[in-house]
1. Hey, does segment 72-91 have a residue that's on the phi < 0 side of the Ramachandran plot and either basic (Lys, Arg) or within 12 Å of the chain's Cα centre (by Cα) (or both)?
2. Which one is nearest to the chain's Cα centre (by Cα), of the residues in segment 24-46 that are of a type in the set (A, V, I, L, M, F, W, C) and either part of a helix (DSSP H, G or I) or farther than 12 Å from residue 111 by Cβ (or both)?
3. Of the residues in segment 88-117, how many are surrounded by 22 or more Cβ atoms within 10 Å (Cβ to Cβ) and in contact with a strand residue (DSSP E or B) (Cβ under 6 Å, 6 or more places away or on another chain)?
4. Being in a helix (DSSP H, G or I), polar (S, T, N, Q) and farther than 12 Å from residue 58 by Cα is the filter here; which residues of segment 98-138 pass it?
5. Of the residues in segment 43-81, how many are over 14 Å from residue 98 (Cβ atoms) and touching a residue at least 60 places away in the same chain (Cβ under 8 Å)?
6. Take the residues in segment 82-97 that are in a loop (DSSP other than H, G, I, E, B) and in contact (Cβ under 8 Å) with a residue 40 or more places away in the chain, then tell me which one is farthest from residue 41 (Cα to Cα).
7. What's the number of the only condition in (1) within 21 Å of residue 29 (Cβ to Cβ); (2) exposed (fewer than 15 other Cβ atoms within 10 Å of the Cβ); (3) touching a helix residue (DSSP H, G or I) at 6+ places or on another chain (Cβ under 7 Å) that residue 134 fails to meet?
8. In the set 31, 70, which member is in contact with a strand residue (DSSP E or B) (Cβ under 7 Å, 6 or more places away or on another chain) and surrounded by fewer than 16 Cβ atoms within 10 Å (Cβ to Cβ)?
Amino acid sequence: MKRFVLLAVILLAVLTACQGRPAQVTGEAVTVAGGSYTNVTADELDAMLINKDFAFVNVHIPFAGNIAGTDLSIPYDQMSDPTNLSQLPADKNAKIVLYCRSGRMSAIAAEELVSLGYTNVWNLTGGMVDWENAGYEIEP
């Protein structure tokens, strides 16, 4: 009986250790004038969304849907507009993740935010196209 209880406790500990924390996402740094931003893949973004700790911004125009968990929609070519900037975290060190349909508009927006002094900007490389190709859904 003691062996059974001990085995059950060990099994429970192993199962508990194997779940919970998602893998650390490091992405790929992209150096631009004034600093850098980080590109992430669809799978990396999916892992980040498990314990979401960032402002998630769709910058695509015209609107083509959202990834679940999106907080804001700001046109990529209007990021520096004061009204749009006021929607972003006031702390320029706060994590902001951008995406668009293909990744091009969000890369432009990421570069703009870096030029404005934001230090923790992330971009979904390949955008919603890669997101869908990886098997994830887009909300209409």
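What follows draws every value from the coordinates through simple rules; no lab data is involved. Quick caveat: nothing in here was measured; it's all calculated off a predicted structure. Cβ coordinates were reconstructed from backbone atoms using ideal geometry, including for glycine residues, and neighbour counts include every protein chain displayed.
1. Within segment 72-91, not a single residue is on the phi < 0 side of the Ramachandran plot and either basic (Lys, Arg) or within 12 Å of the chain's Cα centre (by Cα) (or both).
2. Looking at residues that are of a type in the set (A, V, I, L, M, F, W, C) and either part of a helix (DSSP H, G or I) or farther than 12 Å from residue 111 by Cβ (or both), I get 45.
3. Residues meeting the conditions: 9.
4. 115, 133
5. Summing the residues that are over 14 Å from residue 98 (Cβ atoms) and touching a residue at least 60 places away in the same chain (Cβ under 8 Å) in segment 43-81 gives 5.
6. In this case the residue turns out to be 94.
7. For residue 134, the failing item is (1).
8. Only one candidate passes the filter, namely 70.
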